[in-house]
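Okay, so here's the structure we're looking at.
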Amino acid sequence: MNDERAANAIDRKIGQRVRSRRLEIGMSQERLAELLGVTFQQVQKYEKGVNRIAASRLFDIAGALDLPAARFFEGLTSRGGVAEPKQEYSADVLSTPEGVQLISLFASIKSVKVRRRVVELVKALADETAENKRS
């Protein structure tokens, strides 16, 4: 049985974007919940895409995160409920604490040569991971 009210891929992507923005500005789930007048568990459900976010609530979230509500929908399509193309990894990276930390630390590296070496290292690790999956 397909419940049309159940969260779908678009709902999950919007939840990821809420989380990404919240982490980007250094806001806790508790603080966002306080600003919205909900529990932090509800914020967790929104971010995981377990609960759908109503338009009025998304408007409130956008205000709390100082972001236009339309930004949560950029690049999304309605084709079969599929969200944006896979090439857009930045939002996925920013939706994890490790990703935020990695980007922050990378940005603090002043040497272009060192930054290039870090990129080479990460590429080598990604290539090795992909190779292991094929084996």
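A short reminder: the numbers here are calculations on the coordinates, not readings from a lab. The model shown is predicted, which means the values in this text are computed figures rather than measured ones. Positions of Cβ are backbone-derived with ideal geometry, glycine not excepted, and every protein chain shown enters the neighbour counts.
For the range 96-135, rounded, prolate or oblate, judged on the Cα gyration tensor with a ≥ b ≥ c (square roots of eigenvalues), a/c < 1.5 rounded, else prolate if a/b > b/c?
Details: a/c = 6.62, a/b = 1.62, b/c = 4.09.
Since a/c reaches 1.5 but b/c is at least a/b, the shape of the range 96-135 is classed as oblate.
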(Q) What lysines does residue 45 reach when the alpha-carbon gap must be under 30 Å and sequence neighbours fewer than 8 apart in one chain are set aside? (A) 13, 86
Q) In nm, to one decimal, how far is the modelled label at residue 118 from the one at residue 30, with both set 7 Å along Cα→Cβ? A) 3.0 nm
Q: Identify all lysines with a Cα-Cα distance to residue 110 below 27 Å; exclude those on the same chain that are fewer than 8 residues away in sequence.
A: 123
Q. Separation between the residue 125 and residue 44 pseudo-spin-labels, each 7 Å from Cα along Cα→Cβ, expressed in nm?
A. 2.7 nm
